Each structure stands twice: as structure tokens, then as C-alpha cells.
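Contents: one structure, followed by commentary.
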Amino acid sequence: MSITITKCSAGDLGLLQDISVETFRDTFEHQNSAEVMQAYLEKAFNLEQLNTELSNSASEFYFIYSKGELAGYLKVNTNEAQSENMGNHSLEIERIYIRRPFHNQGLGKYLIDKAIAIAVERNIDKIWLGVWERNGGAIAFYTKMGFVQTGMHCFYMGDEEQTDYIMTKTLNSTAADGTKITSDKPGNS
């Protein structure tokens, strides 16, 4: 399988919007009302909002391609861009979105490993994410990748309050698949 991960730039804004709406709708539309879903999509994935996120130096987006076809993306946040105050030695995985035709191909693991590599490169020792309490498949995946539930926070779909589990992985220089991660930076082992 030919997998490529590339960092998004301002020129990717339209494509980022398209894949955000597609993947979010595919994943959550059947569990939310049409009104709530539409309100969320318009707020979270309008071009101005995505441009603001893409322009934030504490946030990064990465597209993942499988055999040359856009399959999904990763968004990570550090410092003040994190949706919860987890400190400067934390990295938030805010989004791992994979297009439906690419589910069950191991692409989520590639994106988790990318997030881990970013954290290790920056001497960050904890990565975390929020996952909807009713998204059992994602919870099982993150658990398999070594994340544990450490709390909860509120997430709003339109005006509807929902609960996300906060799941955390403390880095001990090991990738999601158990492979030892090393860095040539001083102080890493």
C-alpha cells in the first residue's frame, strides 16, 4: 500500500473543507438531527473558520493519501490551540478523519504515528484527544493504540451538549504499534 502524508497549506483550504464536511457527515449524521448537523457543519467547517485554524501556528493539518487518492486528514494542536488547557507539554489530536472508502485500511494508525512523531520531535510527553462517548468504534481504536480515558468534557453540536471522553497517551518513546521511537535531539532516548 502506497501511503503519503503531506502538511496542508493555505492552498488546500477548499479541499480541506470538502473532506471535513464529507467525513463528519458520514460519521455522525445518523446519530444527530439534520438541523443540529447542519448548524455544526456551517459553524465548524466554513472557509473562514478553517482558514483561521490553518493559519494558527499552534495547529497543523496533514492530508493522508492512499495510492495517490486523498483518504483523510489529521489535525493536531499545541499550546493555546488545544481545546482544553493541558499544558505546553501536551499535543492534542483534534481530528482524525478518514473517508468512508478508506476505512479499515490502517490509515488511522498512520495518523496516530504521525502525531506521535510530531510530539517526540518537540519533546512533548503526552498526546490526548476527545472522542464522543457514543463513538464506540473510535474509542476501541484509540484504546488499542494505547490511549486511556482520563476525563470528560462537553462538546457542542449546534446548541446540543454532548459528552466527549478525554483519552490520553503518555509517550515513552514508543509508537502506536510498539516500535521504539528515537530522536536525534539531545535528551531523547
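Out of the residues in the range 75-104 meeting the condition of being closer than 24 Å to Val21 by Cβ and among the β-branched types (Val, Ile, Thr), tell me which one is surrounded by the fewest Cβ atoms within 10 Å (Cβ to Cβ). If you could, list the steps in order and put the result at the bottom.
The initial filter retains those residues of the range 75-104 that are closer than 24 Å to Val21 by Cβ, namely 75-77, 81-83, 92-104.
Adding the requirement that they be among the β-branched types (Val, Ile, Thr) leaves 76, 93, 96, 98.
On the way: Val76: 25, Ile93: 25, Ile96: 25, Ile98: 23.
Looking at the filtered set, the residue picked out is Ile98.
Restricting the first member to the range 47-60 and to residues that are in contact (Cβ under 8 Å) with a residue 12 or more places away in the chain and closer than 12 Å to Asp12 by Cα, and the second to residues that are surrounded by 13 or more Cβ atoms within 10 Å (Cβ to Cβ) and of a type in the set (Gly, Ala, Ser), the beta-carbon pairs closer than 8 Å and six or more apart or on different chains are Leu50/Ser20. Here Leu50 meets each of (1) open to solvent by 50 Å² or more (accessible area, probe 1.4 Å); (2) assigned to a helix (DSSP H, G or I) with one exception, condition (1).
Do we find that Lys7 is modelled with pLDDT of 95 or more, over 21 Å from Ile93 (Cβ atoms) and surrounded by fewer than 16 Cβ atoms within 10 Å (Cβ to Cβ) in this structure?
Details: modelled with pLDDT of 95 or more: yes; over 21 Å from Ile93 (Cβ atoms): no; surrounded by fewer than 16 Cβ atoms within 10 Å (Cβ to Cβ): yes.
Criteria not met by Lys7.
Scanning the range 42-61 for any residue that is of a type in the set (D, E, K, R) and under 13 Å from Ile96 (Cα atoms) turns up at least one such residue.
Could you list all residues from the range 20-39 that are open to solvent by less than 40 Å² (accessible area, probe 1.4 Å), farther than 15 Å from Tyr73 by Cβ and part of a helix (DSSP H, G or I)? Across the range 20-39, the qualifying residues are Phe28, Val36, Met37. Yes or no: Ala119 more than 19 Å from Gln162 (Cβ to Cβ) and crowded, with 20+ Cβ neighbours inside 10 Å? Criteria met by Ala119. The listed residues are Leu129, Leu111, Leu107, and the only one of them that is in contact (Cβ under 8 Å) with a residue 24 or more places away in the chain, surrounded by 14 or more Cβ atoms within 10 Å (Cβ to Cβ) and out of contact with any Ser or Thr (no Cβ under 9 Å at 6 or more places or on another chain) turns out to be Leu111.
Cβ-Cβ distance below 7 Å, separation of 6 or more or different chains: which pairs start in the range 78-98 with a residue that is closer than 23 Å to Asn135 by Cα and end on one that is assigned to a helix (DSSP H, G or I) and among the hydroxyl-bearing types (Ser, Thr, Tyr)? What qualifies is Tyr97/Ser20; Tyr97/Thr23; Ile98/Thr23.
Any chance you could count how many residues in the range 142-162 are at pLDDT 95 or above and either surrounded by fewer than 17 Cβ atoms within 10 Å (Cβ to Cβ) or acidic (Asp, Glu) (or both)?
Selection size over the range 142-162: 7.
The values are calculated or read from the model by the stated rules, or taken from the named source; none is laboratory data. The structure presented is a predicted model; accordingly, all values stated were derived computationally and were not measured. Here the Cβ is made from the backbone with ideal geometry for all residues, glycine too, and neighbour counts use every protein chain on show. What goes into the accessible areas is simple: the full protein's heavy atoms, side chains included, and nothing from ligands, DNA or RNA. Shrake-Rupley method; radii C 1.70, N 1.55, O 1.52, S 1.80 Å.
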